[in-house]
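Inspection log for the structure reproduced underneath, given as structure tokens.
The values are calculated or read from the model by the stated rules, or taken from the named source; none is laboratory data. Since the model is a prediction, treat every value here as computed from it, not as a measurement. Neighbour counts are summed over all protein chains in view; Cβ atoms, including those assigned to glycine, are modelled from backbone coordinates with ideal geometry. For accessibility, only protein heavy atoms count, side chains too; no ligands or nucleic acids. Shrake-Rupley method; radii C 1.70, N 1.55, O 1.52, S 1.80 Å.
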Amino acid sequence: MRDVTLDETGGFCLRAEVLGYPAPVVTFYKDDDDEPIMTQSQLHKTAKSPTGLYEILAENPHGSVSSKANVHALNSPKSRPESLSSLPP
């Protein structure tokens with residue numbers, strides 16, 4: 001997987017090609033949490049913020065392999081609040 005920077009839309013896709021025999025069980029984790037966010041194609045939970053460190057783990061009887069990617073968000077001027085002191089009276 002590769003690091004991703006989100007634009008204003010907040011949409012993103014992490015891609016990984018997983019091959020093995022027998023077919024591996026694939027699990028996704030976020031921010032080093034022990035509870036998976038996704039196993040195979042079942043989404044277990046979503047986060048309020050998509051930013052963070054994602055890990056994919058592929059396991060079969062012969063072993064396991066993992067890959068990590070960071071998801072960052074751009075701070076666009078539209079999403080940044082103004083301080084109260086800069087607002088007109």
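Could you list, in sequence order, the residues of the range 54-74 that are polar (S, T, N, Q) and over 9 Å from the mean Cα position of the chain (by Cα)? Full working, then the answer.
Kept after step one, since they are polar (S, T, N, Q), are these residues of the range 54-74: 60, 64, 66-67, 70.
Hits for the range 54-74 are N60, S64, S66, S67.
Among the residues of the range 36-65, write down those that are at pLDDT below 90, farther than 22 Å from D7 by Cα and charged (D, E, K, R).
K45
Taking interchain pairs and intrachain pairs at least six residues apart, which have beta carbon atoms under 7 angstrom, with the first residue in the range 1-17 and within 13 Å of G52 (Cα to Cα) and open to solvent by 50 Å² or more (accessible area, probe 1.4 Å) and the second assigned to a loop (DSSP other than H, G, I, E, B) and at pLDDT below 85?
These pairs meet every condition: T5/L74; F12/P50.
Exactly one condition in (1) at pLDDT 75 or above; (2) loosely packed, with under 10 Cβ neighbours inside 10 Å is not met by V25; state its number.
(2)
Does E17 fit the bill of being at pLDDT 85 or above and either among the hydrophobic types (A, V, I, L, M, F, W, C) or out of contact with any Pro (no Cβ under 6 Å at 6 or more places or on another chain) (or both)? Don't jump to the end; show me each part of the working.
Values: at pLDDT 85 or above: yes; either among the hydrophobic types (A, V, I, L, M, F, W, C) or out of contact with any Pro (no Cβ under 6 Å at 6 or more places or on another chain) (or both): yes.
Taking the combined requirement at face value, the residue satisfies it.
Can you confirm whether the range 73-89 contains a residue that is modelled with pLDDT under 90, open to solvent by 80 Å² or more (accessible area, probe 1.4 Å) and in a helix (DSSP H, G or I)?
For the range 73-89, residues modelled with pLDDT under 90, open to solvent by 80 Å² or more (accessible area, probe 1.4 Å) and in a helix (DSSP H, G or I): present.
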